[in-house]
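The values are calculated or read from the model by the stated rules, or taken from the named source; none is laboratory data. Given the structure is predicted, the values throughout are model-derived calculations rather than measurements. As a convention, Cβ positions derive from the backbone with ideal geometry for all residues, glycine included, and neighbour counts pool all protein chains shown. Surface areas here come from the heavy atoms of the whole protein model, side chains and all, with no ligands, DNA or RNA. Shrake-Rupley method; radii C 1.70, N 1.55, O 1.52, S 1.80 Å.
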Amino acid sequence: MNKEWWKEAIVYQIYPRSFSDSNGDGIGDIPGIISKLDYISSLGVNVIWLSPVYASPNEDNGYDISDYYSIHPDFGTMADFDSLVAEADKRGIKIIMDLVINHTSSEHEWFQKSRRGIEPYKDYYYWSDSWPGTPNNWTGFFGGGTWEYDEERKASYLHLFAPHQPDLNYHNPLVWEDIGKILKFWLEKGVKGFRCDVINILYKDSLENGKKKPILTGSEHYLTLDGTHEILKKINQILSPYDAFTVGETVFVDIEDAKLLTYPERKELNMVFSFQHMEVDQIMVKWFKRKFSWKRFVSVMDKWQRGLAWNTVYLENHDQPRSVSRFGSREYHGESAKLLGTLLLTLKGTPFIFQGEEIGMTNFDFTSMDEIQDVESKNIYAILSKLNIPKGTKWNMIKKTFRDNARTPMQWNGRDGAGFTTGIPWLGINGNKYEINVEKEEGDKDSILSYYRALISFRKEHDDLVYGDYELIRNDKWVTEYRRGALYIVLNHSNKEIRREREGEILLSSEKNRKNGFLKPWEALMERR
Ligand code: TEU
Ligand code: CA
């Protein structure tokens, strides 16, 4: 396999609003991130992915950009950003940005001019007065319709996400030219790549009605089409002189799509985030939960491990509930968090750790809708209310899936504000900050945090965990076993102690009091046989 720096990288995702607040306004910011660079570097990671820090009205927390060339004042200044890049570089850490180019904010200048019919922006978006057959019957990612009427233009525009997130029209070559300039601007600043938001839906081949479906009616007109592949090739060309990399957030892709998106000779993306392993506890849409099964979970990941030359590995991000609450055990919180960390850092692909995952942060313990900020959850709650879904059911559907689960402030210590802020945090802090926090785990050599550090340095010493081949050996209700090169990884994801028939040379175990010939509940280990 070809060696590449981004295959050897371990990425740490920061959700800036919730990471570290330097000035007490309750919102995390760039100086806050800079103050934590030593911590990040102590984990052993070498890339930071920053969720959006651009100017934005924050209807969708920065995934609605109003100016691609400036930093949101809540997060600091461009000078702060430059010093983040420089300070990170001193520690051998590269910064990658979030690239949100399927849509802009409706407050972006392009949209403001477009709605007034001002050239050259008139056709930067999909307007019903320039496209026959519109509005159509498409349904959106946050539930509901995808067309919003604009009084100013006296026409409707397409938005696959919230109404203030109009989709850019990639049939217009000027749009691409502007996007290309944005990429160069950030690359010139020393950014080493991009996480590309919903990147496989950029190009819409027509705006005709879609086939009626329970979710995303119309998606056959935009999911992973040739027009998108063309744009990705252009993005790739811009990046190639910079030794930067791209990871695409790609919705509803299968392995065949992912191959087309990532195979090196096609020169598109370097890797993709697929969603299939995140869907194993869902029936079609995320709000309908089904019982989680490790066996199904591992089968899905196994299929991708075998199917694709290079994967991403992730169990969390800012859109997903916390992995320990979802796939782990309440009784064995610490043990199961360590086991999940082992899975994350030993499968084949670039691992992405989401802030707080390394200390075992859990889902938000909120008690009413008033404590929720996320636009998606609010929309869905409103839709469920219209459908007369009983309160308890509605509540459960939202609670297990809503995105604020991952967005509560980072728990640095157990004091007021959790060390995140001296002010009032923008989103509630989890009540378990007393037990789960960085300060406490720093002082404990058996903590989840200490184990993550051990795991990461182990990975750095064992090339097999990066370049070694992969083979699944056991996958059942209790135990998963696989091989990476000459290393065997064994995970007991059950509350039971399990006897082993034979045991190799144990190189690393998550269990401080391990028992020879047995796997303790939720024990994870690596061995040579
Ligand atoms: O998410 C894309 C996406 O598909 C989401 O709708 C996702 O399926 C959902 O959030 C899961 O609950 C990206 C960003 O990661 C997300 O934060 C943004 O809201 C969205 O794009 C729009 O930019
Ligand atoms: Ca702040």
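Things worth noting here:
- The stretch 1-60: C-alpha gyration tensor shape, a/c 1.5 cut-off, then a/b vs b/c: oblate
- Considering helices alone, the calculated mean residue ellipticity of the chain at 222 nm is -8500 deg cm²/dmol, with DSSP H runs of length four and up weighted by -39500 (n - 2.57) and normalised per residue.
- Computed lengthening from Glu435 to Asp226, 0.36 nm per intervening residue step minus Cα-Cα distance: 70.2 nm
- Distance between the stretch 489-529 and the stretch 17-48 - C-alpha centres, whole angstrom: 35 Å
- Segment Arg266-Glu107, extension gain: residue separation times 0.36 nm, minus the distance between their alpha carbons: 53.7 nm
- The stretch 189-262: chymotrypsin sites (Phe, Trp or Tyr not before Pro) falling in loop per DSSP and having at most 15 other Cβ within 10 Å: none
- Cα gyration tensor shape for the stretch 270-355, rounded if a/c is under 1.5, else prolate or oblate: oblate
- Signed unit charges on C-beta, dipole axis of the chain, positive-most listed residue Leu187, Pro351, Ile48: Pro351
- Net charge of neighbours whose Cβ lies under 15 Å from the Cβ of Lys192, counting Lys and Arg as +1 and Asp and Glu as -1: -1
- Of the residues Thr401, Thr134, the one with the largest accessible area comes first in the ranking Thr134, Thr401, computed with a 1.4 Å probe on protein heavy atoms.
- The amide H of Gln355, built 1.01 Å from its N in the peptide plane, has Gln13, Tyr15 as neighbours under 5 Å, considering only residues 5 or more places off or on other chains.
- Ligands, DNA and RNA aside, Trp478 has an accessible area near 100 Å² when probed at 1.4 Å.
- Cα shape, the stretch 145-241, gyration tensor, a/c 1.5 rule: prolate
- Panel note: the C-alpha atoms of the stretch 190-312, placed on their principal axes, show extents of 47, 38, 25 Å (largest first).
- For the stretch 162-300, the relative contact order works out to 20 percent when only alpha carbon pairs closer than 8 Å and six or more residues apart are counted.
- Exposure rank, largest accessible area first [Lys90, Lys303, Lys259; 1.4 Å]: Lys90, Lys303, Lys259
- The order of the peptides 310-317, 352-359 by mean Cβ neighbours within 10 Å, most packed first, is 352-359, 310-317.
- Size of electric dipole in the chain: Cβ of Lys, Arg +1 and of Asp, Glu -1, about Cα centre, debye, nearest 20: 1960 debye
- Net charge of Cβ neighbours under 9 Å - reference Ser323; Lys, Arg +1; Asp, Glu -1: 0
- Cα centroid separation, the stretch 290-328 to the stretch 343-409 (Å): 16 Å
- Label-point separation, His171 to Phe288 (7 Å along Cα→Cβ), nm: 3.4 nm
- Surface accessible to a 1.4 Å probe, Arg91 within the full protein complex, Å²: 70 Å²
- Per-residue ³J(HN,Hα) for the stretch 255-272, Karplus 6.51 cos²θ - 1.76 cosθ + 1.60, θ = phi - 60°, Hz, x for Gly and Pro: 5, 5, 4, 5, 4, 4, 7, 10, 5, x, 5, 7, 6, 10, 9, 8, 7, 10
- Amide hydrogen neighbours beyond the local backbone of Asp67, cut-off 5 Å, H modeled: Ala55
- The stretch 330-344 residues near the modelled Asn513 label - backbone nitrogen below 15 Å, point 7 Å along Cα→Cβ: 335
- Ranked order, His221, His103 - accessible area, probe 1.4 Å, largest first: His221, His103
- The charge dipole of the stretch 93-218, taken about the Cα centre with unit charges on the Cβ atoms of Lys, Arg (+1) and Asp, Glu (-1), comes to about 400 debye, rounded to the nearest 20.
- Around Phe352: net Lys/Arg minus Asp/Glu count, Cβ-Cβ under 10 Å: -1
- Extending 7 Å from Cα along the Cβ direction at Glu503 and again at Asp444 yields two label points whose distance is 2.4 nm.
- Ordering Ser66, Val272, Ile118 by Cα displacement along the dipole of the chain toward the positive end leaves Val272 in first place; charges were set at the Cβ atoms of Lys, Arg (+1) and Asp, Glu (-1).
- For the stretch 144-215, the set of GluC sites (Glu not before Pro) satisfying both a DSSP loop assignment and a count of at most 11 other C-beta atoms within 10 Å is given as Glu151, Glu152.
- Residues of type lysines that Lys295 reaches as a straight line, Cα spacing below 23 Å, ignoring anything fewer than 8 places off in the same chain: Lys286, Lys303, Lys338, Lys348, Lys400, Lys477, Lys496, Lys520
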